[in-house]
Structures are given as C-alpha cells and as structure tokens.
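Remarks on the structure that follows.
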Amino acid sequence: MRFDFRYLDKKKTKAVLPTVFSILHSNMSVIAPTGNSYAEDERIFLENVAPALEKAPRQIVLFYDGEILFGYFQYYVNGELFMMEEIQLKREYWHCGAFGEFYRWLLPLLPDGIARVEAFAHKKNENSRSILRHLGLRPIDENENHIHFRGEFSALCDHYVKNA
C-alpha cells in the first residue's frame, strides 16, 4: 500500500462528498444505524457538510491508496484548538498503518500555537473511543449519543513523533 494524503479542493466538494459519505455510511450503518434509507442519510449529510466546508478553517483530507479513495479526515483549527471532527476509513484499511502515517503527515502542516485537541465519539463506537484514549484524550462531557474528549496537543504530537 502506498498512502497519499490530499486536501480536498473545495471547488470539487460536490463531486467528492458522495464518495466520502459512502465511506462514513459503511462504518456508521453498522455502529449506529439511523433507521433512515441510504438516500435520506446521504441527503442529510450533504445538506450539513457542504455548507460547513465553505468556512475556510474547516478542512477535509482525503486518503488515497494509489487512486483508490479509502478514507478522510475532517477537522478545523480555531486559535489554540485542533478539533478532530471525523475520521473514517474503509474497513479493509483498518489496522494497516494509515492512521499513524496520516498524523505524521498532517501535524507539521498545522499552524503554531495549538494547545489542545478535542473530538467527539459516538457512544456505540468503542473503536473510536479507544483510539482517542490511546492518543491521550479523556472524556470531559457527554450527551445522548456522543462523548466529548479533550487532550493536550503536545501529547498528540509526542505520540506520533515517538512512534515514527
């Protein structure tokens, strides 16, 4: 496998988001199905994500294996906060080293001055919760469906530097 990470060209958002949604749906339909049809879930996703991506700080990085789009990471930076909004990989790419390679690619590209990192994980997604804990993030709050995690950005960086 040869991984390549590329920022989404926001001019191509409408063309790429259906593939991004299919990756998300393939995972979340198993973890936390909504009960909606695929088309309804896709409509809701597109109505919410496309406008959010119009904001300059919000980014999506696409994960490629050659020309195969196999995952994505959505995030934003706001001052001292690095908010990890969504990371999804096709199931066949789980546990193949893409996650670590991605962070080693991304972290040097982020602006200086970030102090903390936050993320949300679905309560039914034990894999995501486990990864966030492994990265040094701890639960700080929760609602009906999600747990809010927070950690030190320096710890996230240290984790990927020492595991390089």
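Values for this structure:
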read-out	value
Tally, over the stretch 140-164, of residues that are open to solvent by 90 Å² or more (accessible area, probe 1.4 Å) and of a type in the set (A, V, I, L, M, F, W, C)	2
Qualifying residue in the stretch 31-47 (condition: modelled with pLDDT of 90 or more, of a type in the set (A, V, I, L, M) and part of a loop (DSSP other than H, G, I, E, B))	no
Hits in the stretch 98-110 (condition: open to solvent by 70 Å² or more (accessible area, probe 1.4 Å) and either touching a residue at least 12 places away in the same chain (Cβ under 8 Å) or of a type in the set (K, R) (or both))	E101, R104, W105
Residues that are open to solvent by less than 40 Å² (accessible area, probe 1.4 Å), within 16 Å of the chain's Cα centre (by Cα) and in contact (Cβ under 8 Å) with a residue 40 or more places away in the chain, drawn from the stretch 66-92	L69, F70, G71, Y72, F82, Q88, L89
Residue tally, condition open to solvent by 80 Å² or more (accessible area, probe 1.4 Å) and over 30 Å from R2 (Cα atoms), over the stretch 117-139	2
Meets criteria (out of contact with any helix residue (DSSP H, G or I) (no Cβ under 6 Å at 6 or more places or on another chain) and at pLDDT below 90) for H134	yes
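The values are calculated or read from the model by the stated rules, or taken from the named source; none is laboratory data. Keep in mind the model is a prediction, meaning the values are calculated, not measured. Counting neighbours? That spans all protein chains shown, and the Cβs are built from the backbone with ideal geometry, glycine included. For the accessible areas, the whole protein counts, side chains as well, though only heavy atoms, and no ligand, DNA or RNA atoms are used. Shrake-Rupley method; radii C 1.70, N 1.55, O 1.52, S 1.80 Å.
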